[in-house]
Every structure is written in C-alpha cells, then in structure tokens.
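These notes concern the structure reproduced below.
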Ligand code: NAP
C-alpha cells in the first residue's frame, strides 16, 4: 500500500477519483486538496457529492489540504484533477518535491519528456519517467489524454495493424465534461452546442503522440491525420463519436479485429474484462445504456460499415478521466516506479 492524494478533490473528476480510490487495494487515500475556499474544512462539509453512487463515508472526515507540495507531505503519488490554468505549476512543484503525479489536466500533455499514456495502448511510453529522472526530477509527471481522445484512440488501436492515414471524427460530448460549473442548463437543454474550446486541437494532436513511437527521450508522432468536429449535447455522462478512417480492409475483418482485441496489459485492479467491446445491435452504443459497462472503463464500439465508419462511446469522467489515470498509476506501481 502507498499513500496517495487527489488534487482538486471536490470537482467532477476529483469526486470520481475519490470514488475509485476510497477502497483501492493498492493505494491508500490519505490527502484531498481543493481551492482555498475549501482548505481546512472536512471533505464531507465542503464537497457537493453529485455522483450516482453513495458518498464514501471512510474519507469524509479527511481535512481538505491546500493545493501545495507542503499540503501533501507523506504522500508518494497524487492524482491531479485541477483546472489546467493552475495544474501546470502545481504539478511541476510536486514532481520536483519527489511526488509522482498522474494528471488529467492538459498543461503538460504535449511536453516531450512527459508521457501521455493510455494503459492499454502505449504502456512503453512510461520509459519517459526515466528521462525525467535523468534530468533531475525526483518524482515524475504522467498524463492521460483528453476525455474524447481516449475513446477515439482506444477504438483506433486494433486498427493500427491495417494502417490508415486519415481519420475524421464528429463527437457528441456529455455536459459533465465541462466540470460542475461548466455549462448552464439554459445553454444546453433543448440544444446542441457545436463548439468546445480547444477540444478539436487536443484530439488532433494528442492522438498522434499516444499512437507514436518512443524514440529515446521523446515520442515520434504517428504518421496519420485527425480532423475533429466537437459538439456538446444534453447527456450527463458519456462521450459518443462517429469515426471515419481510411482503412482498406473488408468490414468483417475489421469487426473481427475489434472483437478479438486483447490489450497488452492485464490483471490491474481497475482494468475491465473488456477494455474494448464490439456491440452488434444496430442502435448501439448509447451513453445511457452502455457507459457503465466494465464499471465505466469499457469503450464500446458499434455500427461498423463500409467507409470505414463506426461509432465509439465511453464514460468521460471514468474511462476518459479519473479511471484512466488510476489505471495508469496501477501500471506505474506494477512497474516499480513508485
Ligand atoms: P471542476 O469540476 O471545475 O473541479 C475543479 C477542482 O479544482 C475543484 O476541486 C476545485 O476546488 C479545484 N480548484 C479550482 N481552483 C483552484 C485553485 N485556484 N487552487 C486549488 N484548487 C482549485 O473541473 P473538472 O471537470 O473536474 O476538471 C478537472 C481537470 O480535469 C481539468 O483540467 C479538466 O480539463 C480535466 N478533465 C476533465 C474531464 C471531464 O470529463 N470533466 C475529462 C478529462 C479531463 P473548489 O471546489 O474548492 O473550488
């Protein structure tokens, strides 16, 4: 067991971290941080628990710490669910203070020495932790991708062996992706918003880094192009996306690749039985019906047609954020980086 903390523990992603870590077999949840508004008070008194699962009573009496390395003494690893504007500096300070950081924030994702990892897709990129340590950082920073990028790349992973050069994706993203304060009801009920700040650029760049090749102290981006169009829709949880990829193989062969997909990593506590699941029904996947498959960690794929066209969907705050980060941390722990 190692002692861990959550930065930004009161937010949409922070609460998911608390849910996933409250009874974790390898990680003991010791420290919770938030803004100055919340610091010094009991977690149960400041958090507005909004998840559709019971509040984990065993962590309710933890006193919320300020989000500083001093507030994290005795912790070996932190999970960051901070807004990107403040995450960059705080995470760097934590890593310099000898703490491992698994981050959901976008601040460090594209930096050359910082791995951007989906456990099942590019576990070898964790080799960049050694590069960070060679450069004098006692701790480390490992990031996981933007919530829509994770669903896209998980679904592209079994297709990599066929080769493709052009991917187009149109997303239908849940409102929880904008955080608790993110989008007013008047803006999203009876509506679709065809813009999510910086989301398209993140999908277009992060995907290439994740599917790229580790080459010494950096990652060579994968040689394909992603063109994204991102939309916010009135769904609470679960990002759905229509994907077009210029794969030339017959549909049945590609369907078998989805069905037969076996991830290169297994037996981690947060890993689902099926990281990727192909659904045959012609009206699936759907967020309300399929987002909790594999405890929210399964990416569902369906509607594969000539073109090549298909639909992918996954839970954005679990598979797309906190769950992905906890899974990365389990891999890091199993590889003895902690
Ligand atoms: P959120 O609901 O707005 O939560 C923000 C958290 O950060 C709260 O705990 C808040 O504490 C804390 N915080 C705010 N300002 C702070 C400050 N100045 N100092 C210290 N703590 C501060 O946001 P979220 O949706 O959980 O997103 C968190 C991060 O994850 C973002 O970087 C986001 O881009 C990323 N992400 C989100 C999703 C998603 O689906 N939502 C998916 C992937 C990645 P108080 O309660 O005290 O204000």
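The values are calculated or read from the model by the stated rules, or taken from the named source; none is laboratory data. This is a predicted model, so every value here is computed, not measured. For neighbour counting, all protein chains shown are included, and Cβ atoms are generated from backbone atoms with ideal geometry for every residue, glycine included.
Yes or no: region 176-184 includes at least one residue that is away from the ligand (no atom under 16 Å from the Cβ) and in contact with a strand residue (DSSP E or B) (Cβ under 9 Å, 6 or more places away or on another chain).
no
Residues that are on the phi > 0 side of the Ramachandran plot and at pLDDT 95 or above: does region 189-203 have at least one?
Within region 189-203 (the criterion being on the phi > 0 side of the Ramachandran plot and at pLDDT 95 or above), the answer is yes, since at least one residue qualifies.
Would you call residue 47 modelled with pLDDT of 95 or more and either within 12 Å of the ligand (Cβ to nearest atom) or touching a helix residue (DSSP H, G or I) at 6+ places or on another chain (Cβ under 9 Å) (or both)?
Spelling it out, residue 47 is indeed modelled with pLDDT of 95 or more and either within 12 Å of the ligand (Cβ to nearest atom) or touching a helix residue (DSSP H, G or I) at 6+ places or on another chain (Cβ under 9 Å) (or both).
Inspect region 51-61 for any residue being part of a helix (DSSP H, G or I), more than 10 Å from the ligand (Cβ to nearest atom) and within 21 Å of residue 325 (Cα to Cα) and give the result as yes or no.
yes
Run residue 206 past the list (1) closer than 26 Å to residue 266 by Cβ; (2) in the same structural domain as residue 326 (by TED's automatic domain parsing); (3) within 16 Å of the ligand (Cβ to nearest atom); (4) touching a helix residue (DSSP H, G or I) at 6+ places or on another chain (Cβ under 6 Å) and report the number of the one that doesn't hold.
(2)
Among the listed residues 233, 299, 311, 243, identify the single one that is under 25 Å from residue 162 (Cα atoms), at pLDDT 95 or above, in contact with a strand residue (DSSP E or B) (Cβ under 6 Å, 6 or more places away or on another chain) and within 16 Å of the ligand (Cβ to nearest atom).
299
Pick out, from region 83-188, the helices (runs of 4 or more DSSP H) lying fully within it that include 1 or more residues that are surrounded by 15 or more Cβ atoms within 10 Å (Cβ to Cβ) and assigned by TED's automatic domain parsing to the domain that holds residue 250.
Answer list for region 83-188: 147-156, 185-188.
With the requirement that a residue be touching a strand residue (DSSP E or B) at 6+ places or on another chain (Cβ under 6 Å) and either touching a residue at least 60 places away in the same chain (Cβ under 8 Å) or crowded, with 20+ Cβ neighbours inside 10 Å (or both), what does region 255-276 give you?
Within region 255-276, 258, 261, 276 meet the criteria.
Given the structure, is residue 39 within 14 Å of the ligand (Cβ to nearest atom), surrounded by 16 or more Cβ atoms within 10 Å (Cβ to Cβ) and under 29 Å from residue 291 (Cβ atoms)?
no
So which residues in region 62-86 are without any contact (Cβ under 8 Å) to a residue 60 or more places away in the chain and within 14 Å of the ligand (Cβ to nearest atom)?
Passing the criteria: 62, 63, 64, 66, 68, 69, 70, 71, 84, 85, 86.
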